[in-house]
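Everything on this sheet refers to the single structure shown next.
The values are calculated or read from the model by the stated rules, or taken from the named source; none is laboratory data. This is a predicted model, so every value here is computed, not measured. Using ideal geometry, Cβ is built from the backbone for each residue, glycine included, and neighbour counts are taken over all protein chains shown. SASA here: full protein model, heavy atoms, side chains in, ligands and nucleic acids out. Shrake-Rupley method; radii C 1.70, N 1.55, O 1.52, S 1.80 Å.
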Amino acid sequence: MSTPSSNATSAGRPRDPQLDQAILAATLELLDEAGYQELSLDAVARRAGTSRPAIYRRWPGRVHLGLAAIRSRLEAPLPPDTGCTLCDLDESFRLFLVTYRLIRPDVLSALLAECATTPELRAQYLETLIEPARRAVGHTIDRAVTRGDLRADLDRELFLDMVGALVHYLALFADRHISDAEAANAIETLLRGAAIDYDALVAHSRAMEEAGESNPAHHRSHP
């Protein structure tokens, strides 16, 4: 007959959330300092005060650990709903870019190269780095169509793919992050083709800013 202690042993010891966080924090520090190519489980274990087996019990390998660490930093932005399409798009991007820019561009490209040929890893990469911002902007686009700000025949998925490319293209292929001005100009270019009346959207955005109901920086983004 099994005893309580033997049952606990067979089930394994519960994971220590504090150790999980220490490992993820150590991984982020090493990624920030030296990039993904220099990341090793031995170095993570030393910095986190643990062992390689403890890391392997949590993540199958280096790439899974790298993605988990980045996911812990990239909290999905909550899509705002102010009733102002330009304000909401600007805020969705701003919230995401604040944390996205903390990740070295060479880390993003190195991880993509390692994940690209494995469907499971590629899906994890997309879910970690692409989908959070895409979902937030998608909610904003859907509300804008419902309000009549954007065309009802807008190709939603294509529009979101183009928006996602704004964030990731320069980081992956030019080794730098998109600037606020570049993001604002690109979004304006997209919206001029998608909006029913773009000038009316700008006027609405400015009116809300003057009333103190939206991000003051948005006025500078959309002259």
Problem - Relative contact order (%) - criterion: Cα under 8 Å, at least six apart; region: region 151-206 - result: 33
Practice task
Report the accessible area of residue 155, computed with a 1.4 Å probe over the heavy atoms of all protein chains in place, in Å² rounded to the nearest 10.
Solution key: 90
Practice task
Please report the orientation-averaged projected area of region 120-164, defined via the convex hull of its C-alpha atoms, in nm².
Solution key: 3.2
Exercise for the section: Calculate the dipole size of region 26-175 relative to its Cα centre from +1 charges on Lys and Arg beta carbons and -1 charges on Asp and Glu beta carbons; express the result in debye to the nearest 20. Expected result: 560
Handout entry: At R0 = 30 Å, FRET efficiency that the Cβ-Cβ distance of residue 73 and residue 189 yields, to 0.05
Key = 0.55
Problem - In region 16-106, the GluC sites (Glu not before Pro) that fall in loop regions by DSSP, at most 15 other Cβ within 10 Å - result: 75
Problem - Solvent exposure ordering (accessible area, 1.4 Å, most first) of 187, 196 - result: 196, 187
Practice task
Run through every distinct alpha carbon pair of region 41-106 and return the Kirkwood hydrodynamic radius in angstroms, one decimal place.
Solution key: 14.3
Exercise for the section: Considering only protein heavy atoms, with the full assembly of protein chains and a 1.4 angstrom probe, order 168, 139 by accessible area, largest first. Expected result: 139, 168
Exercise for the section: Filter the GluC sites (Glu not before Pro) in region 110-206 down to the DSSP loop ones having no more than 13 other Cβ atoms within 10 Å, then list what survives. Expected result: none
Exercise for the section: Rounded to the nearest 500, what is the 222 nm mean residue ellipticity of the chain from helices alone, with -39500 (n - 2.57) per DSSP H run of 4+ residues and division by all residues? Expected result: -21500 deg cm²/dmol
Fill in the blank from the handout: Cα-based Rg/(2.2 N^0.38 Å) for the chain, rounded to two decimals, is 1.26
